[in-house]
Amino acid sequence: MAINWVVPRSMLASLVLGLCLVAVVGCAPPPATPAAKSTAAAPAEKSPDKAAVAPVATTAPVATTAPEKAAEPTEKYPSRPVDFIVPWGAGGGADQMARKLGSIAEKELGVAMPIINVAGATGGAGAAKLLAAAANGYSIAAYTGDAHGNVALGAAYTHKDLDAVFRAQKCPSYLFVKADGPYQSWKDVEAAAKANPGKLRVGTTGEGSPDDVTIAFLETKGLKMISVPYPNPGERYAAVLGGHTELLYEQAGDVRQYLTNNQIKPVIVFNEDKITGFPDVPTSKELGYPIFLPQFRGVVAKKGTDPARVKILVDAFQRATKTPDWLTFEKEQFVTADSIQGPEEYGKFLDAEYETWVNLTKQLGMRK
């Protein structure tokens, strides 16, 4: 039997109203608690000052590049390219040495060693770049006899600001003339210098270099010639070929291509003994000019570089100089048999050469 429910109108209206209230209350957000209260809801509230937030900021790690590099474990060195600064223009002896040594050593180290040429101030510009860098082994520089001589004359830095790393070359220097020029022998040069003091011009690397000091020494022997500085090797070589200078002070290996092409020829070698490959070239000793300032080229780092990192570099250079590629290069450079030196020997050599330079330049009145 069906039952019919009959609801009065008044009761039905109350029921519908109650259901609507339940729906509204159920969909509304919960009341805000004090902890969730937003500062944006109170525009008049004063913003916290720096002192108030400082304790919070110190709890988070601060990301800075320099400390990260300084804290790099030695066993991970080198993990990025090592800049090889050459304090001379491209093409010269230091540049050739650095490019050859670096190209072999980077294979040993597993990172690139880009060459950065910084010519000027007889090696001083390149030294300034090295000393401005961090002492972390990621910047090294070629260091030569030219730069060392300038240091002895009173440059803005000294070799004590540097860490001796590795000496790669030691070789004697020569005076070259244009092969088809008016001077064909040392006797020709000697006669011209005595007959016309100050007429002969010599292309050199710069003030205070072995070139410059040698020319000053020859003047005390009655041979006055003019030193003309060319920091860029290419310009120096072009000067003698073009007749802008009569002579060129250089090492034989640096100008090998011009010797091979019979464009220049040596007339004197500043050494005590004859040099293999140039048996007819007289030595300064036999000619009565006892000056022997060997050109050397090596590698230095900024003072304070981690000795463990220096050793990694030294080991790589040592291995590099035993490769056939390097040995062929050295033969072409006419270097001496005792060229290679590690940090300790190289450091002592620099100290001894410094004393020699100081004494010689004092005698010549060249000290600043």
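Counting just the residues of segment 92-126 that are on the phi > 0 side of the Ramachandran plot and surrounded by fewer than 16 Cβ atoms within 10 Å (Cβ to Cβ), which one comes out farthest from the chain's Cα centre (by Cα)?
Gly110
Considering every residue within segment 269-291, establish whether at least one is among the aromatic types (Phe, Trp, Tyr), over 26 Å from Val86 (Cβ atoms) and either buried (at least 20 other Cβ atoms within 10 Å of the Cβ) or touching a helix residue (DSSP H, G or I) at 6+ places or on another chain (Cβ under 6 Å) (or both).
Scanning segment 269-291, I find at least one residue that is among the aromatic types (Phe, Trp, Tyr), over 26 Å from Val86 (Cβ atoms) and either buried (at least 20 other Cβ atoms within 10 Å of the Cβ) or touching a helix residue (DSSP H, G or I) at 6+ places or on another chain (Cβ under 6 Å) (or both), so the answer is yes.
Could you say whether any residue in segment 333-340 is in a helix (DSSP H, G or I) and touching a Cys at 6+ places or on another chain (Cβ under 8 Å)?
Among the residues of segment 333-340, at least one is in a helix (DSSP H, G or I) and touching a Cys at 6+ places or on another chain (Cβ under 8 Å), which makes the answer yes.
Looking only at segment 177-196, decide whether some residue is crowded, with 19+ Cβ neighbours inside 10 Å and without any contact (Cβ under 8 Å) to a residue 60 or more places away in the chain.
Among the residues of segment 177-196, at least one is crowded, with 19+ Cβ neighbours inside 10 Å and without any contact (Cβ under 8 Å) to a residue 60 or more places away in the chain, which makes the answer yes.
From the list Val189, Val202, Val213, Val151, exactly one residue is in contact with a helix residue (DSSP H, G or I) (Cβ under 7 Å, 6 or more places away or on another chain), closer than 26 Å to His244 by Cα, assigned to a helix (DSSP H, G or I) and of a type outside the set (Lys, Arg). Which is it?
Criteria check complete, one pass: Val213.
What number goes with the only condition from (1) over 29 Å from Ala239 (Cα atoms); (2) in a helix (DSSP H, G or I); (3) free of Cβ contacts under 8 Å to residues at least 40 places away in the same chain that Lys322 does not pass?
Every listed condition holds for Lys322 apart from (2).
In segment 238-254, which residue that is touching a residue at least 40 places away in the same chain (Cβ under 8 Å) and out of contact with any helix residue (DSSP H, G or I) (no Cβ under 6 Å at 6 or more places or on another chain) is surrounded by the most Cβ atoms within 10 Å (Cβ to Cβ)?
Leu247
Return yes when Ala316 is among the small types (Gly, Ala, Ser) and exposed (fewer than 14 other Cβ atoms within 10 Å of the Cβ) and no when it is not.
no
Let me spell it out: the conditions are (1) modelled with pLDDT of 95 or more; (2) in a loop (DSSP other than H, G, I, E, B), and Glu207 meets all of them except one. Which number is the exception?
(1)
Would you mention how many residues in segment 127-147 are buried (at least 20 other Cβ atoms within 10 Å of the Cβ) and modelled with pLDDT of 95 or more?
Result for segment 127-147: 10.
Yes or no, residue by residue, for (1) closer than 23 Å to Ala141 by Cα; (2) within 22 Å of the chain's Cα centre (by Cα):
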site: Asp163; (1), (2): yes, yes
site: Ser173; (1), (2): yes, no
site: Ala191; (1), (2): no, no
site: Asn196; (1), (2): no, no
site: Leu200; (1), (2): no, no
site: Val213; (1), (2): no, no
site: Glu219; (1), (2): no, no
site: Leu223; (1), (2): no, no
site: Ile226; (1), (2): no, no
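Give just the number: which of (1) in contact with a Ser or Thr (Cβ under 7 Å, 6 or more places away or on another chain); (2) over 19 Å from Val267 (Cβ atoms) does Cys171 not satisfy?
Looking at each condition in turn, Cys171 falls short on (2).
Restricting attention to segment 154-186, which residues are in a helix (DSSP H, G or I) and not assigned by TED's automatic domain parsing to the domain that holds Gln263?
Result: His159, Lys160, Asp161.
The values are calculated or read from the model by the stated rules, or taken from the named source; none is laboratory data. Please read these numbers as outputs of a predicted model, since none were measured by experiment. Because the Cβ atoms are built from the backbone with ideal geometry, glycine has one as well, and the counts that use them run over all protein chains shown.
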